[in-house]
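Below you'll find the structure, written out as structure tokens, and then a few comments.
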Amino acid sequence: MFGRRALIAALVLLAGGIVAKAGSEGRAVHTLSPAGLAKVSDYIRNEVATGKIPGAILLLQQHGKAVYYQNFGVRDVATELSMSADTIFRLYSMSKPVTSVMAMMLVEEGKLSLNDPVSKYIPAFAGMKVGIEKKAEDGKVALALEPLERPITIKDLLRHTAGLPYGYYGGGMVREVYADANLFNSNLTNAEFAAKIATLPLVEQPGTVWDYGYSTDVLGRVVEIIAGKTLLQFEKERLLDPLGMIETAFFVADPAKFPRIAEPMPEDRNINPTTQVRDIRRPATWESGGGGMVGTVGDYARFAQMLLNGGTFEGRRYLKPETIALMASDHIGPETKIARDQNYYPGGSSGFGLGFAVRTSVPPGTAWPLGEYRWDGVGGTFFFIDPEDDLFGIFMVQTPTQRGRIQLALKTLIYQAMGR
């Protein structure tokens, strides 16, 4: 059964005004069965009961209404405060779709073009080189720098084909240069960040490989330059405040809100061997368009519903339907001859659009919908938008180590509950 607690929570959301009007007039082909949803609840409860995660929130919204909402466990095992709709999470890479939407607003206004070279806005990018590992006669490998075959474009930033990787050790010499630069732990302004990254080599020629990394952070700087204000100022003016995303920011400024912050298990705080989850109680200079935002399930629900609605929410238009369709189309398909890096996160059944992974084929043994688009964050949060069923889902949790396993299991159970 849906459950009295879940129903009450859904009504709380409705009363709080975070559930939107239906984005589609037609009835969905697939609906969520009570028995299937019970299995979803059981799965998450077991994750909490076995100590894998402190707590979580799952929202499934169809035709603009919450058809499933449940809080599980606690925000933080140290405080034992119950998980609730106003809990604040580190969104990490779920920031990328927000930054991408800001850029596409500028594209619609004619202030930015997908084919613009990044160097039009950040001149230092014109002088970037590609790092190539070359072996000398004595057998030693050194990094050689080669000129760009074509400029990095705005489209490259949106679809992660700019050659700007996240750095990690053991991933080749260029990635180790990025790891040494320690950009993820820096607290620079976006202007300082862009200037620093422009001094590093690219890992591939632009437009040749989908390679996940700092592209969206550079895009955030481009947005700032065109807007003439900080990324957050522009986001608040054009998206966050009008949508009612009042809790979304780059850190938690008000100490009274600190108890509302979700924390991972004490032994589950490393997002990689050299970096712990960020302390979002500390003021941040870096407004990281690629991974810096914090927010609540309700705030992100408004954003997701706007996308599902084709760019509108509560009577206000943010983007045109054709812009959303362009963003949710595959831009790295076979016809582009773009290769995929060894860690290709979208997975074999998906391509990548302008800010989201996009499902391009049905995974074996499923009937998952084509055209579903989505992304997640290294802190554990994920969302997906399913236009075919007029549905979106948001899962909020803080668990760097368990996120991939949980996301796959939950998505499977949710779609099984829909008969998919």
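The values are calculated or read from the model by the stated rules, or taken from the named source; none is laboratory data. All values derive from a computational prediction rather than experimental measurement. Cβ placement follows ideal geometry from the backbone for every residue including glycine, while neighbour counts extend to all protein chains displayed. Ligands, DNA and RNA are excluded from the accessible area calculation, which covers all protein heavy atoms including side chains. Shrake-Rupley method; radii C 1.70, N 1.55, O 1.52, S 1.80 Å.
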Query raised in the report: For the Cα atoms of the chain, what angle does the longest principal axis make with the long axis of helix 215-227, in degrees from 0 to 90, nearest 10?
Result: 90 degrees
**Report entry** Angle between the chain longest axis and helix 403-417 axis [Cα atoms, degrees, rounded to 10]
**Finding:** 50 degrees
Query raised in the report: Which shape class applies to the stretch 268-420: rounded if a/c is under 1.5, otherwise prolate when a/b exceeds b/c and oblate if not, where a ≥ b ≥ c are the square roots of the Cα gyration tensor eigenvalues?
Result: rounded
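So how strong a dipole does the chain carry about its Cα centre when Lys and Arg Cβ are +1 and Asp and Glu Cβ are -1, to the nearest 20 debye?
Numbers: 44 positive and 44 negative charges, 122 e Å.
So the magnitude is around 580 debye.
Please give the contour-minus-distance gain from residue 285 to residue 195: 0.36 nm per residue of separation, less the Cα-Cα distance, rounded to one decimal in nm.
Numbers: separation 90, 0.36 × 90 = 32.40 nm, distance 1.53 nm.
Length difference between fully extended and current span is 30.9 nm.
Within the accessible area of the stretch 305-368, what % is carbon and sulfur when the probe is 1.4 Å and the other protein chains stay in place?
Working: 1500 of 2860 Å².
Roughly 52 percent of what the probe reaches on the stretch 305-368 is carbon or sulfur.
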Query - Fraction in percent of alpha-carbon pairs per bin - 10 Å, the stretch 303-355 - result: 23, 40, 25, 11, 1
Query - Student exercise, the stretch 272-420 dipole from Lys, Arg, Asp, Glu Cβ charges, in Debye to nearest 20 - result: 360 debye
Report summary line: Surpassing 19 Å at the alpha-carbon level, of the pairs 120/155; 111/320; 96/155; 111/229; 135/196; 96/236, are 135/196
**Report entry** Computed accessible area, residue 141, all protein chains, 1.4 angstrom probe, square angstrom
**Finding:** 70 Å²
**Report entry** Charge dipole of the stretch 263-420 about the Cα centre (unit charges at C-beta), most positive-ward option of 368, 350, 296
**Finding:** 296
Query - Fraction of antiparallel bridges per DSSP, the chain only, in percent to nearest 5 - result: 90 percent
Requested in this report: For every helix of n ≥ 4 consecutive DSSP H residues, a contribution of -39,500 (n - 2.57) applies; sum these over the chain, divide by its total residues, and give [θ] at 222 nm rounded to the nearest 500 deg cm²/dmol.
Outcome: -8500 deg cm²/dmol
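When only C-alpha pairs under 8 Å and at least 6 residues apart count, what is the relative contact order of the stretch 284-359, in percent?
On the way: 63 pairs, mean separation 16.2, N = 76.
Rounded, it is 21 percent for the stretch 284-359.
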Report summary line: FRET efficiency (residue 367, residue 113; Cβ distance; R0 51 Å; to 0.05) is 0.85
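Kindly report the accessible area of the chain per residue (heavy atoms of protein chains, probe 1.4 Å, no ligands, DNA or RNA), in Å².
Details: 16900 Å² over 420 residues.
Spelled out: the 1.4 Å probe surface of the chain, per residue, equals 40 Å².
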Query - Space enclosed by the convex hull of the alpha-carbon atoms of the stretch 50-148, per residue, Å³ - result: 269 Å³
Report summary line: Counting only protein heavy atoms and leaving out ligands, DNA and RNA, the solvent-accessible surface of residue 156 at a 1.4 Å probe, in Å² to the nearest 10, equals 0 Å²
